[in-house]
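Just below is one structure, and these are the notes that go with it.
The values are calculated or read from the model by the stated rules, or taken from the named source; none is laboratory data. Here the structure is a predicted model, which is why all the values come from computation and not from measurement. No Cβ is skipped: glycine too gets one built from the backbone with ideal geometry, and neighbour counts run over all protein chains shown.
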Ligand code: ADP
């Protein structure tokens, strides 16, 4: 079984049968040493009890041959263990097992021949080899081995019976001529052959079933491993979401506290009653400004929360003509651009394909990008909007000749509340949330937002959205 051996061994890429076979090959080599010891002891005993009764010369020669080939097997088994797994290794292990069993059968036939032939009850040892073959080898091969064993035994019996091979008496039986007794010889050979086939059938049926069960267990083990890896990935994602949520909550609290602190200080100053009516007026103006900023921040946070929620649920999308949305946004922003003395150019390709989106959200995207371009471009500059299509995407760009974004900030401007230093100087008012909302929305729709910018020269924001139906 696969379970034998080291329990910590990875089982993922192993064929259970292969592991089993390789382990059993070692076991077979060890068994052979035992058999050699047993044979040696039997020879010594026979020598002591019946000196000169057994053909010790050929029997020792066969035993020596067994010792020699077992040493070879020992080395080959080591090489096989170190080789890489896979079908090739399984084939080599099967061939190796076949060679071992065939040599053993030949050796056993020789031992039996030199020690009484069909009269020797050691013939039952053929059964052991048949069992071993049925455990280690495919069913078909184990039947072949049983047949080979039966044929070898029959050959010894028939060749001795017909006189082609000499017969060597077993000293314990004296000079009996049982091997020449036709019914006895045929019966012994027949019964052994039948027993070998029956043993091969029974053992290999059980071992085939066990191998199948082993394979099923290995498969279900692999399925469990895959599931647990999946669960680990989900767990990791949840951990990351949790960490991000905590970070976000900390940022929000921090951003909300600053204006509230200012408002609180202003109100306390006004309530102290020591300020002149003009100062109170100024204080109230500051409070008003901070309140407006606070309300803008809260609106942005709500939009961001919605974009995050839409990312986790499946947002209902419709087919949207993005040029219509862009036209309406440009209409709204035009006054703002004119007020700042900016040149606003619009370039929209005709016959654009629709995108799967939400018109209100898309409006928010264009508004954010355009208002940023206007906000961060000095009077007299240019803001250029374009909308094109490729075979698979709709590509929108908002380009400006404004302050640009320092290279080290370009990656971070999509983080919530992040504002580059130069932007803070040009426009102290801003939440730093707009681009994170835009990015969330675009990514929810399977799109992408990119930024290219050069400090002092301008910026270009590109949104890429998949065309509907492509
Ligand atoms: P806000 O504009 O409120 O600061 P945004 O999330 O829209 O927040 O933008 C984040 C930051 O990205 C800005 O603070 C600014 O540093 C940078 N930025 C965005 N658009 C531009 C642009 N067109 N030109 C220069 N900097 C920009």
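Among the candidates 124, 141, 99, 156, which residue alone is at negative phi and touching a helix residue (DSSP H, G or I) at 6+ places or on another chain (Cβ under 6 Å)?
156
With the range 284-371 as the region, which strands (runs of 3 or more DSSP E) entirely inside it contain at least 1 residues that are touching a residue at least 24 places away in the same chain (Cβ under 8 Å) and more than 49 Å from the chain's Cα centre (by Cα)?
Fully inside the range 284-371 and qualifying: 343-348.
Just to be sure before I move on: is residue 413 within 30 Å of residue 245 (Cβ to Cβ), at pLDDT 95 or above, in a helix (DSSP H, G or I) and within 9 Å of the ligand (Cβ to nearest atom) in the structure I sent?
yes
Residues in the range 395-406 that are under 16 Å from residue 459 (Cβ atoms) and more than 7 Å from the ligand (Cβ to nearest atom): how many?
Narrowing the range 395-406 to residues under 16 Å from residue 459 (Cβ atoms): 396-406.
Add one more test, that the residue is more than 7 Å from the ligand (Cβ to nearest atom), and what stays is 396-399, 401, 406.
The number of residues fulfilling the criteria is 6.
Would you please list the contacts, defined by Cβ atoms under 6 Å and residues six or more apart or on different chains, that run from a residue in the range 407-418 that is in contact (Cβ under 8 Å) with a residue 24 or more places away in the chain and more than 21 Å from residue 457 (Cα to Cα) to a residue that is more than 8 Å from the ligand (Cβ to nearest atom) and part of a helix (DSSP H, G or I)?
From residues that are in contact (Cβ under 8 Å) with a residue 24 or more places away in the chain and more than 21 Å from residue 457 (Cα to Cα), the pairs are 416/251; 417/251; 417/255.
Among the residues in the range 170-183, are any out of contact with any helix residue (DSSP H, G or I) (no Cβ under 6 Å at 6 or more places or on another chain), over 27 Å from residue 110 (Cβ atoms) and surrounded by 12 or more Cβ atoms within 10 Å (Cβ to Cβ)?
No; the residues of the range 170-183 include none that is out of contact with any helix residue (DSSP H, G or I) (no Cβ under 6 Å at 6 or more places or on another chain), over 27 Å from residue 110 (Cβ atoms) and surrounded by 12 or more Cβ atoms within 10 Å (Cβ to Cβ).
Suppose the filter is buried (at least 22 other Cβ atoms within 10 Å of the Cβ), within 12 Å of the ligand (Cβ to nearest atom) and under 38 Å from the mean Cα position of the chain (by Cα); does residue 459 pass it?
Spelling it out, it is not the case that residue 459 is buried (at least 22 other Cβ atoms within 10 Å of the Cβ), within 12 Å of the ligand (Cβ to nearest atom) and under 38 Å from the mean Cα position of the chain (by Cα).
State which residue pairs qualify: first residue modelled with pLDDT under 95 and inside the range 190-213, second residue crowded, with 16+ Cβ neighbours inside 10 Å and outside any helix (DSSP H, G or I) in any location, beta carbons under 9 Å apart, and separation of 6 or more residues or different chains.
204/137; 204/138; 208/138
Is it the case that some residue within the range 385-394 is more than 9 Å from the ligand (Cβ to nearest atom), within 25 Å of residue 456 (Cβ to Cβ) and crowded, with 20+ Cβ neighbours inside 10 Å?
yes
Tally the residues that are over 28 Å from residue 49 (Cβ atoms) and in contact (Cβ under 8 Å) with a residue 40 or more places away in the chain, restricting the search to the range 153-188.
Residues meeting the conditions: 1.
Residue 422 versus (1) part of a loop (DSSP other than H, G, I, E, B); (2) within 8 Å of the ligand (Cβ to nearest atom): which is the lone unmet condition?
(1)
Just to be sure I understand, how many residues within the range 427-443 are more than 8 Å from the ligand (Cβ to nearest atom) and over 18 Å from residue 295 (Cα atoms)?
5
Quick one: which residue in 352, 364, 342 is within 16 Å of the ligand (Cβ to nearest atom) and in contact with a strand residue (DSSP E or B) (Cβ under 6 Å, 6 or more places away or on another chain)?
342
For the range 159-182, what are the residues that are modelled with pLDDT of 90 or more and at positive phi?
163, the sole residue that qualifies.
Counting only residues that are closer than 21 Å to residue 194 by Cβ and within 38 Å of the chain's Cα centre (by Cα), which one in the range 84-139 is surrounded by the fewest Cβ atoms within 10 Å (Cβ to Cβ)?
Among residues in the range 84-139 that are closer than 21 Å to residue 194 by Cβ and within 38 Å of the chain's Cα centre (by Cα), the one surrounded by the fewest Cβ atoms within 10 Å (Cβ to Cβ) is 139.
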